[in-house]
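The next block holds one structure in the form of structure tokens; read it before the comments.
The values are calculated or read from the model by the stated rules, or taken from the named source; none is laboratory data. Owing to the predicted nature of the structure, the values given are computational and were not obtained by experimental measurement. With ideal geometry, Cβ positions are generated from the backbone for all residues, glycine too; neighbour counts draw on all protein chains shown.
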Amino acid sequence: MINKKMMAMPILLVMVLSIVGISYGLWSETLFLNGTVGTGELDIEIKGPFKPLDGPSTLDWNGNCTWDTWQTDKDVGGPTVMTPYDSDGDGDYDKLNITLVNVYPYYLEDPSFWVHNDGTIPFIIEMVKINGVPVKIGETVFLDLTGDGKDDIKIMWGNSIGWQGHPCQSHEISFLILVLQDAPENACLSFIVEIVAYQYNESSFFTTTSPA
Ligand SMILES: [Ca+2]
Ligand SMILES: [Ca+2]
Ligand SMILES: [Ca+2]
Ligand SMILES: [Ca+2]
């Protein structure tokens with residue numbers, strides 16, 4: 001009499017043999033591809049030449065509400081001080097302090113500096129913010145820096161938004177600052193300009209082209 005245990009044995013054996021048969025019949029080789037992703041660096045630096053409009057012993061420039069500008073016969077303001085800093089310690093300048101000295105209503109400054117791609121990835125200047133607010137090219141921004149509800153300076157950002165910088169490329173940036181009538185005397189007024197750059201393919205200015 002065949003008990004249940006004996007009936008079960010051949011089934012088990014067949015299963016084992018069929019597995020061995022497959023492994024013998026299928027000789028194989030496997031090729032491995034080692035994936036290594038070496039990332040580049042998105043890096044931008046501020047660099048000179050740093051050229052204020054009102055340099056040492058320079059006759060002051062004035063402007064008016066429509067951005068007409070002219071040089072006066074007085075040297076009572078300035079010279080403007082432009083000091084770059086390496087705030088993150090990576091060996092390049094990422095911050096620039098611009099200090100206007102002894103200025104007065106309708107005194108005009110037009111500081112100029114350069115941005116340089118010292119990384120390996122192209123970047124696009126995505127936006128410029130003044131005290132946290134994005135500005136447009138050619139837009140005049142009025143700033144109340146004392147908080148009394150009256151504007152103290154105005155700024156016009158001339159260019160550079162949307163500019164693409166490839167590795168090693170540099171680009172000159174400048175913007176107009178005009179001191180207004182309500183600026184207080186003997187005061188130290190400060191504002192912050194942020195230049196925000198994206199890797200080129202994440203920028204809203206980037207346009208794709210399909211491969212042929
Ligand atoms: Ca840097
Ligand atoms: Ca001057
Ligand atoms: Ca730095
Ligand atoms: Ca004010």
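Please name all residue pairs, on different chains or six or more residues apart, with Cβ atoms under 8 Å, provided the first residue is in segment 115-135 and is farther than 16 Å from S174 by Cα and the second residue is within 16 Å of ligand 4 (Cβ to nearest atom) and outside any strand (DSSP E or B).
Matching pairs, first to second residue: N131/F191.
Where in segment 61-132 are there strands (runs of 3 or more DSSP E), lying fully within it, with 3 or more residues that are surrounded by 14 or more Cβ atoms within 10 Å (Cβ to Cβ) and within 17 Å of the chain's Cα centre (by Cα)?
112-117, 123-130
Return only the number of the condition from (1) modelled with pLDDT under 95; (2) within 22 Å of N97 (Cβ to Cβ) that S170 does not satisfy.
The one condition S170 does not meet is (1).
Taking the criterion of being among the polar types (S, T, N, Q) and touching a Lys or Arg at 6+ places or on another chain (Cβ under 8 Å), would at least one residue in segment 137-150 satisfy it?
Taking every residue of segment 137-150 in turn, at least one turns out to be among the polar types (S, T, N, Q) and touching a Lys or Arg at 6+ places or on another chain (Cβ under 8 Å).
If you scan segment 141-162, which residues turn out to be modelled with pLDDT of 90 or more, under 21 Å from the mean Cα position of the chain (by Cα) and surrounded by fewer than 16 Cβ atoms within 10 Å (Cβ to Cβ)?
Passing the criteria: only G162.
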